[in-house]
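This report refers to the structure that appears directly beneath it.
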Amino acid sequence: TARDDSRRAGASEGCMEPETAKDFEAGDLIADRYEVKRTLGKGGMGKVYLVLDHQTNELLALKTLLPQHVDNERALQRFVREVKAVRQLNHPSIVRIHDARKSSTLLFYTMDYVEGKSLHEFIRERGRLGLGSTVRILSLLCHALEHAHQHTIHRDLSPDNVMVLPDGSIKLL
């Protein structure tokens, strides 16, 4: 389509920069820095993309606020609080935020991209976990939450916000 051709042409020339809260596609460039590779997921308030940071050559996760929340002051404040709270945290089992910006009407932040499966997927694939695995995962999660709760309260704790990495460690999102 004409839109696809102009998007591809703009992305290849480095001048295409979507600046509104919308669905991004592979190849789109955000804030003249982050190239969208694919969609990773969608939650109640935001959508998360796998992006390549052209300044650091790192793969990161980029979370945007969904379009229906852009004009909602409470949603904006919650998004900003989330960024501020996570930036205070430094723990091996908690994902780190790298960058947070507002670009025109687009509000987003970037964070570590975590290779692994959500705890939800992990349990669904393995079935019931044994006592040792359960205790290990809960112990790691409690350690991360103990650190986080020195600065903030995690308001969206669920098996979808805990990633199990291939080495068996976890990351709290």
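Every read-out reported here was derived from the displayed coordinates using simple, explicitly stated rules and does not represent laboratory data. Since we're looking at a predicted model, the values are computed, not measured. Quick reminder, even Gly has a Cβ in these numbers, built from the backbone with ideal geometry, and neighbours come from all protein chains shown.
Seen from a random direction on average, the alpha-carbon convex hull of the chain projects onto 11.2 square nanometres. Rounded to the nearest 10 degrees, the angle from helix 131-148 to the longest Cα principal axis of the chain is 60 degrees. Stretching the chain fully between R78 and T56 yields a gain of 5.1 nm (0.36 nm per residue, less the alpha carbon separation).
Rounded to the nearest 20 debye, the dipole size of the chain about its Cα centre is 640 debye, using +1 on the Cβ of Lys and Arg and -1 on the Cβ of Asp and Glu.
For the chain, averaging the sequence separation of C-alpha pairs within contact (under 8 Å, six or more residues apart) and dividing by the residue count gives a relative contact order of 16 percent. Under 5 Å between amide hydrogens, built in the peptide plane, is the criterion, and for L40 it picks out V48, Y49, L50 among residues at least 5 positions away or on other chains. Annotation for A85 and D156: the two label points, set 7 Å from Cα along the Cα-Cβ direction, are 1.0 nm apart. Considering only K63, K102, K47, the mean-square fluctuation computed in a Gaussian network model of the chain, springs between alpha carbons under 10 angstrom, is largest for K102. How far is helix 73-87 tilted off the main Cα axis of the chain, in degrees rounded to 10, range 0 to 90? Once rounded, one gets 60 degrees. About the centre of its Cα atoms, the stretch 24-85 shows a dipole size close to 340 debye [charges on the beta carbon of Lys, Arg (+1) and Asp, Glu (-1) only; nearest 20 debye]. Counting Lys and Arg as +1 and Asp and Glu as -1 over every other residue whose Cβ lies under 10 Å from the Cβ of G41, the net charge comes to +2.
Relative to the current alpha-carbon distance between R124 and R38, full extension at 0.36 nm per residue lengthens the span by 28.6 nm. Simple rule: put +1 on each Lys or Arg Cβ and -1 on each Asp or Glu Cβ in the chain, find the dipole, and look at Y113, A148, G41; the Cα lying farthest toward the positive end is A148. Charged neighbours of D156, selected by a Cβ distance under 14 Å, balance to +3 (K, R count +1; D, E count -1).
Dividing the radius of gyration of the alpha carbons in the stretch 37-79 by their Kirkwood radius gives 1.07 for Rg/Rh. Just checking the listed ones, R124, R78, R33: in the Gaussian network model of the chain with Cα springs under 10 Å, the one fluctuating most is R124. For the stretch 103-168, the share of alpha carbon pairs falling in successive 10 Å distance bins from zero is 16, 45, 27, 9, 2 percent.
Mean separation of Cα pairs under 8 Å and 6 or more residues apart, divided by the residue count, gives the stretch 76-173 a relative contact order of 34 percent. The angle between the Cα long axis of helix 2-13 and the main principal axis of the chain comes to about 80°, on a 0 to 90 degree scale.
Considering only alpha-carbon pairs that sit under 8 angstrom and 6 or more positions apart, the relative contact order computed for the stretch 18-78 is 24 percent.
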